[in-house]
Structure formats: C-alpha cells, structure tokens
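Student: Would you mind keeping the following structure in view while I ask a few things?
The values are calculated or read from the model by the stated rules, or taken from the named source; none is laboratory data. Because the structure is predicted, anything quoted here is derived from the model rather than measured. Ideal geometry is used to build each Cβ from the backbone, glycine not excepted, and the neighbour counts take in all protein chains shown. Note: areas computed on protein heavy atoms with side chains; ligands, DNA, RNA excluded. Shrake-Rupley method; radii C 1.70, N 1.55, O 1.52, S 1.80 Å.
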Amino acid sequence: MKKTIFSTIAFTFIFSTAVFSIELVTSETEKKIDALIEKMTLEEKIGQMTQRNARSGSEPFEGMIRDGKIGSILNEVNVEAVNRAQKIAVEESRLAIPLIVGRDVIHGFRTIFPIPLGLAATWNPQLVEEGSRIAALEARSVGVNWTFAPMMDIARDPRWGRIAEGYGEDPYLASRMAAAMVRGFQSDDLASPNALAACMKHFVGYGAAIGGRDYNTTYIPELLLRDIYLPPFKASVDAGAATLMTAFNDLNGVPATGNAFILRDILKGEWAFQGFVVSDWASVTQMVPHGYCADHKEAAEKAVVAGVDMEMETPSYADHIAELLDEGALTLEMIDDAVRRILRVKFALGLFDNPYTDTAHYPTLANEKHLAAAKEAAKQSVVLLKNDGHLLPLSKEMSVAVIGPLADAPQEQLGTWAFDGRAEESQTPLTALRDFLSPEKINYVQALPYSRAKETHDFDQAAQAAERSDVVLLFMGEEAILSGEAHCRANLDLPGAQEQLIKVIASAGKPIVLVVMAGRPLTMGNILEHIDALLYAFHPGSMGGPAVVDLLFGIDSPSGKLTVTFPKVVGQIPMYYNHKNTGRPPQASSWVHIDDIPLNAWQTSLGNESHYLDAGFTPQYPFGYGLSYTTFEYKDLQLSSPAIKMGEALTVSAVIRNSGAMRATEIVQLYCRDLAASITRPVRELKGFERITLEPGECRTVEFVLTTEDLAFPGPDMKMVAEPGAFHVWIAPSSEGGLMGEFSIAE
Ligand code: NOJ
C-alpha cells in the first residue's frame, strides 16, 4: 500500500510583489545632478549621451574620455584597463564624471549558467536571481558595472535565433524571470560594489520579427503589445531596473529606436521610468536603412525626440546634436533630461564615490561555489520529454556507448553570449561520465566532429560501439553559433548528418537516450520513433556535463518544464499555447490526416475547422510540459467560492501527490480562461506556478490566490480591465490537461 503523507500547504500569491525596489531618484542626488548639469558644457552633455566600444590603449580614445566626450564604454573586461579608463574620466576630465561600463553578461560571466531559455525551464525565479547575483559579482570584479540583460523579448517563433536569450513565449513567466534577474544583478543596493545595473531589452517587440528572421519588421497591434510584449518590461521597471535598451526592429512602421510612443508615452510617461534608455548597437543610424530617416542627422534627432538617452557605438549624437539644437529641432530640456537620467544611474551605482575596482574585494572567478550553483541551475533546466519503458534513470552497472558531436564540446555547451566563459572550465558530459563510471563501461565515438558535419565515415564505428554497450547515449543538437543574434534557422531539424546517425545507431537495436543541447526548440518528428528517451538540456553552460550525468543516473529526477511550445514541423510556427480559440476550433473527432483522405472526397467531408491536414493542431510538446522519474497525481481541486466580486480574491487549491517511487520536484501550474470578454481572450493563460518537492507517497496542497486584478487584460480603450463573467481555472502539470474548475466574477 502506498503511504500518504500530508505535508505543509504551499501557499502562493500569484505575483509576489517586489521585495525591494531601488529608488533611483532621491532629492540629495537630484541636487548633485542639478549642480553638475549647471557646470556642463554642451559638448560634455553630449559626451554623457555617447557610448563607445572600448579601445584601450588608444590615445585618441583615451583623449575623448579625458575631454568628456564619452560617458560610457562597452566590452572592456580587463580590470586594469577599466581602472585606467575610470582614472582618466575622474582624475583627468574637467568634471570628474565616472564611466558606466557595459558588457553582455547574459547568463553568467565566467561561470556560465544555462542559456536563459534553459533557465526559464527551471520555473525557479529564486535560482535565477541567485545565478544573476553570481554573474554580477564576477562581472563587477573586472570593473564592469552595467549588464545588457535581462533580455525579456517574448518569442513565439523558434526559428528566431535569439529565442535562446529570453524566457520563451509566456508574458507572466517572463515577467517573473526578468524581475528575478533584475533583482539578482542589482541586489537591494545598486551602490554596493557587488551590483550591476540591469538593462531591460529589447524594447519592444523584437521577438515578433516576421518569419523569425532577426532584425525583421514587426507589426504588433497595441492591444497585443500591451497584452503579451510589454508586461515583462513593466514588471522589470517595478523591480527597479536602472536602464533599458531599444530594439532593432521596425515596429508598426516606426523603428523602435525612434518610437516616441513606446519610449516617451509608455515607458517614461505611463510607467514613470526614471532610469535611462540606451540604443542598441548602431540602431540610431540604422534608422536610415530602415527608410525612416534620410541621414544620420535626422536619425539623431528622431532618437533623441523619441527618448533615447544614450547612443551605443555610432557617433550621430556627437556629430549632430549641437547643430540640431541650433536649428531648434531639439531642445536643451531634452538633452538635460537625458543627461540627468544617465547621471542618476551613475550616482545610484556609487561610481562618484568609488569608480575603481579592487580585485581583492571579490571571490575568484568560476570558483567551486559558483560552479555548484551553475550545476544546480543546469540540472533544474533539463526537461525530460520522453522516457519509454522507464529507460531512465540508468543503472551504474550498465555499459554506455557515448556518441555524438556534443558529448565533449566544452565551448558549444556554453551557448550564445558566453564571451567571458572559458571552454577549459566547462565540464562536458564525457568528462562527467568518466568521473562517474569506471573506464571500461564507456565506449566513446564522437562520430560527427560538429553538429552540422555531414561526413559519415565514423558511423560504422559508432554502430559497433552501440552494439558493444547496454545503452546508447547520444549527445546531439546545435553548436552555440547556430542560435543567438542573427543566427536564425528556417529548418529546425537536427542539422548535418545527425538524423542519419541516429538511424544507423538505432539499427544496432540498443536502447537509445538522446540528450539534446540546443539554443531553441528543434523539430524532432523524424527521429522520435528511433529513440527511447529524450532529455532536452538547451545549452546548459559550464556545468552541463555533471548536471546531465546526475539526471541520467537518477541522482536527481529531471524537473524542468518547457516555456515554449515545441512544434512538430516548422510549418506550424508560430505556435503558442495562449492562442485564441477561433470561431472554428479544431476537433480531434473530425480531423483527418492528409494520408487518410479518401480519393475524390467531397470538399466539406473533412470538417471545416482550424487545423493542418498534414500536421494536425497539436504541438510535439506543449508549453509547460516535462516528465519526471516519478509520477504526480493531481486531485481535489477546490475553489473558495463559485463567484467573487470585483476586487475580491479567489483561492484555488489542489492536492498533488507523488505517486511514484522517487523523490522529485513538480512544477504545478495555474491557468485561467475568460470565456467571453469585450476583447477575446486566449484559451489558457498562465497565472501562477509553484515548484514543490515531494517524497514518494507525499501529498501537498498547493494553493493559489487569484485576484480580479490578476484576471485583467488590456481592454478596448487600452486600459487594464477585469470584466464580470464566467471563467475556467486549471491546476495542471502543463498547458494541456489538469484539473478544471469554474467560477465567475459577479457584476
Ligand atoms: C547588439 C545586441 O542586439 C544587444 O543585445 C547587445 O547588448 C549589444 N549588441 C551590445 O553587445
């Protein structure tokens, strides 16, 4: 008989209010800023609005800092060079204004954590916050005081290479993760020498690039913008994020970098954001090729008017602002406001008090503690997608054939934007297996030198290794270069000859575990039938190897869940769980696969519903999905009331029981649907989640508190509104299935 233990109730507020929020504006610093602005020449003001890529040791470059013509540098990670640049700024420039030093610290600095899409799959904001704290400590130790992260672009298209850098397709989850990262980078005291200023990016809609091709045009109606793309930015502003980066894309005909509606009206107006806005790299001057500005001068004008306070890398501000002021196209108030915002962040960072970095203050980079945190993050990020016949976890007694281009690819597993990570510090699955198993149990054949390789000459040797072993471990996916900025793919199958290799190995008849390392969801329809188990590890970072090995051998159970829908084929894209229902929603009962349509079938005989004849209407794996080595039973859904009034809260709870034999973590998800609204609502929307760890037989009541505010959406007048009417609510293991209840909001 299975034992039932009731442990404490997990009680969750839907949106944990920020524990702290950094105050950028204080009367004391505003006075100091007034005094400084008073003394500044126009050239010095424009200098503060100018960011340039570091050219350490270059005399003209250092001269520009000395002359107050540069307010910020990026991409310098040599601490002596940063200190030297700061020294020139504060000891040799007229007004002694320190530099703000930027770097893309996206998922770790030297200790590389999983790519953000993998981090999101942990559904663990606390862990994400701790990881960002470590990244901040490491980056700050070399003089970097500003990170261009978090990236919170909602991505509904896995062809887009930058899906790797964000948290997936859901605005609620992305809001929780982005806010956690902001808190981790900034800590509760931006002035501490351990904090980095965060930079929310890319504002906004960048992930909606048509066709998933980077930098491409976006068209996003304001309702959709407010419903899906803006919430993570709003949550990050509320969490105190100090800066924001504009996006490269043309948004509804106006490039984001020249878009006053999003920057002035929404960000600085509606949300009262007090920090500063930086352009993306050359995104000011790129308004010329966009066809929005005739030349760089007009681009500078449009960007300043729109509210871009600092220009990254290109010199259009330096070259044209003075002239634009003379002509009356810009006002001094605009310039002073931009400078004020930049100085505000520099004061908040404590740079006026201490611009220098003392390395003695910081722990060693990639130390044991940091690597242990990266391992834990990697472990929690891995998603078990298939486990036929309970192949996993494996026994230590088994011999394993280790095959594939990513079994021992220390750089590739770091993923995109790992500039400061070191391949020699990353531990691969092969090295971890060699630590874990006795040598005679491992038969390693790389078979393909890299993921795109097409040569098949080692395939026979790989098949022989499979034959000699009890189980095959395939490590496949994408090299780091295949995702990230500008690295989009139109075909999402495993690249190169990897699919062919799987088929060759399958002919050996041994059970196959496929571990995928990739920057995005891949389409795996061609190979799923040939493998028994599938662990999706994204690019897991420095400690990916040991994390995966712990999961393979059941030291822990996988607990990650997808934060992006995995399509079966590229033609289904865009595909996301929170879609609208349509007037003719698909029906399993009437859908006929293209191969089964009778010859000369009558036009209307297939049902007239919204589906694909060849790909149906379901994804390969839905949002929120992920298996475990145990099983979880969901039961006893309870609602505190069948109806609530506007302004009231509803408590929704369910009992989750570990009905299997292993201690494991489950991510319990709360979804809602507003059945009829003045603006149609999605078939499901994530409204909460909770990670719970249960012993075998243990039960826990998970309770969510849902307010009518949580059910609000942008209404016809663009204002958030919760409307009376009927709702469905689910407590569920993924965006499909779960326990459903009904309630209403009374008039
Ligand atoms: C361009 C990228 O779009 C942005 O995300 C990054 O922060 C900057 N380059 C600086 O490297």
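Student: Can you tell me which residue in the range 400-414 is farthest from the chain's Cα centre (by Cα), limited to those that are of a type in the set (Gly, Ala, Ser) and open to solvent by less than 10 Å² (accessible area, probe 1.4 Å)?
Tutor: 401
Student: Looking at the range 703-734 only, could you name the residues that are in a strand (DSSP E or B), within 26 Å of the chain's Cα centre (by Cα) and either surrounded by 19 or more Cβ atoms within 10 Å (Cβ to Cβ) or of a type outside the set (A, V, I, L, M) (or both)?
Tutor: 704, 706, 713, 714, 730, 731, 732
Student: For the range 636-650, give me the residue count where each residue is outside any strand (DSSP E or B) and open to solvent by less than 60 Å² (accessible area, probe 1.4 Å).
Tutor: Result for the range 636-650: 1.
This table checks each residue for (1) more than 16 Å from the ligand (Cβ to nearest atom); (2) open to solvent by less than 10 Å² (accessible area, probe 1.4 Å); (3) closer than 27 Å to residue 204 by Cα; (4) at pLDDT 95 or above.
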| residue | (1), (2), (3), (4) |
| --- | --- |
| 46 | yes, no, yes, yes |
| 50 | no, yes, yes, yes |
| 68 | yes, no, no, yes |
| 82 | yes, yes, no, yes |
| 106 | no, yes, yes, yes |
| 145 | no, yes, yes, yes |
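Student: While we're on this one: Is the range 616-637 home to any residue that is small (Gly, Ala, Ser) and in contact with a helix residue (DSSP H, G or I) (Cβ under 6 Å, 6 or more places away or on another chain)?
Tutor: no
Student: Kindly indicate which of 155, 139, 135, 178 is aliphatic (A, V, I, L, M) and over 27 Å from residue 100 (Cα atoms).
Tutor: 155 is the lone residue from the list that is aliphatic (A, V, I, L, M) and over 27 Å from residue 100 (Cα atoms).
Student: Going by the structure shown, is residue 537 in contact with a strand residue (DSSP E or B) (Cβ under 7 Å, 6 or more places away or on another chain), under 14 Å from residue 118 (Cα atoms), among the small types (Gly, Ala, Ser) and at pLDDT 95 or above?
Tutor: So residue 537 fits the description; yes.
Student: Given (1) among the small types (Gly, Ala, Ser); (2) in the same structural domain as residue 427 (by TED's automatic domain parsing); (3) open to solvent by 20 Å² or more (accessible area, probe 1.4 Å); (4) touching a residue at least 40 places away in the same chain (Cβ under 8 Å), where does residue 571 come up short, assuming only one miss?
Tutor: For residue 571, the failing item is (2).
Student: Right, here's the next one. Looking at the range 611-635, which of the residues that are in a strand (DSSP E or B) and out of contact with any Ser or Thr (no Cβ under 8 Å at 6 or more places or on another chain) is most open to solvent (accessible area, probe 1.4 Å)?
Tutor: Restricting to residues being in a strand (DSSP E or B) and out of contact with any Ser or Thr (no Cβ under 8 Å at 6 or more places or on another chain), the top hit is 612.
Student: Looking at residue 440, is it within 27 Å of the chain's Cα centre (by Cα) and assigned to a helix (DSSP H, G or I)?
Tutor: Here the answer is no, as residue 440 does not meet what is asked.
Student: Limited to the range 290-334, what total is found for residues that are among the aromatic types (Phe, Trp, Tyr) and open to solvent by 40 Å² or more (accessible area, probe 1.4 Å)?
Tutor: 1
Student: Same structure again: Please verify whether the range 216-235 includes one or more residues that are at positive phi and assigned to a loop (DSSP other than H, G, I, E, B).
Tutor: No - not one qualifying residue is present in the range 216-235.
Student: Look at the range 191-213 and say how many of its residues are surrounded by fewer than 19 Cβ atoms within 10 Å (Cβ to Cβ) and within 16 Å of the ligand (Cβ to nearest atom).
Tutor: So the count comes out to 1.
Student: Can I ask one more? Is it the case that the range 316-329 has a residue that's in contact with a Ser or Thr (Cβ under 7 Å, 6 or more places away or on another chain) and touching a residue at least 40 places away in the same chain (Cβ under 8 Å)?
Tutor: yes
Student: Residues 322, 299, 377: which one is touching a Pro at 6+ places or on another chain (Cβ under 7 Å) and either within 16 Å of the ligand (Cβ to nearest atom) or at pLDDT 95 or above (or both)?
Tutor: 377
Student: Okay, next question. For the subset of the range 735-747 comprising residues that are over 27 Å from the mean Cα position of the chain (by Cα) and either over 27 Å from residue 633 (Cα atoms) or of a type in the set (S, T, N, Q) (or both), which member is least open to solvent (accessible area, probe 1.4 Å)?
Tutor: 745
Student: Filter the range 162-183 down to the residues that are of a type in the set (A, V, I, L, M, F, W, C) and within 15 Å of the ligand (Cβ to nearest atom), then identify the one that is surrounded by the most Cβ atoms within 10 Å (Cβ to Cβ).
Tutor: Per the criteria, the residue is 181.
Student: Continuing with the same structure: Does residue 102 satisfy the condition of being under 15 Å from residue 141 (Cα atoms), touching a strand residue (DSSP E or B) at 6+ places or on another chain (Cβ under 7 Å) and either of a type in the set (D, E, K, R) or within 16 Å of the ligand (Cβ to nearest atom) (or both)?
Tutor: Answer is yes for this residue.
Student: Is there a residue being surrounded by 12 or more Cβ atoms within 10 Å (Cβ to Cβ) and without any contact (Cβ under 8 Å) to a residue 24 or more places away in the chain anywhere in the range 594-602?
Tutor: So far as the range 594-602 goes, yes, one or more of its residues are surrounded by 12 or more Cβ atoms within 10 Å (Cβ to Cβ) and without any contact (Cβ under 8 Å) to a residue 24 or more places away in the chain.
Student: If you check residue 159 against the conditions, is it more than 16 Å from the ligand (Cβ to nearest atom), open to solvent by 10 Å² or more (accessible area, probe 1.4 Å) and in a helix (DSSP H, G or I)?
Tutor: In short, no.
Student: Still on this model: Which condition number does residue 449 fail, the rest of (1) in a loop (DSSP other than H, G, I, E, B); (2) within 30 Å of residue 168 (Cβ to Cβ) being met?
Tutor: It fails just one condition, (2).
Student: Determine if the range 443-450 includes at least one residue that is among the aliphatic types (A, V, I, L, M), open to solvent by 60 Å² or more (accessible area, probe 1.4 Å) and over 27 Å from the mean Cα position of the chain (by Cα).
Tutor: Looking for residues that are among the aliphatic types (A, V, I, L, M), open to solvent by 60 Å² or more (accessible area, probe 1.4 Å) and over 27 Å from the mean Cα position of the chain (by Cα), one finds none in the range 443-450, hence no.
Student: Among (1) within 16 Å of the ligand (Cβ to nearest atom); (2) of a type outside the set (Phe, Trp, Tyr); (3) in contact with a strand residue (DSSP E or B) (Cβ under 6 Å, 6 or more places away or on another chain), where does residue 382 come up short?
Tutor: (1)
Student: Restricting attention to the range 245-258, which residues are open to solvent by less than 10 Å² (accessible area, probe 1.4 Å) and more than 11 Å from the ligand (Cβ to nearest atom)?
Tutor: Within the range 245-258, 251, 255, 256, 257, 258 qualify.
Student: Return yes when residue 188 is surrounded by 21 or more Cβ atoms within 10 Å (Cβ to Cβ) and of a type in the set (Asp, Glu) and no when it is not.
Tutor: no
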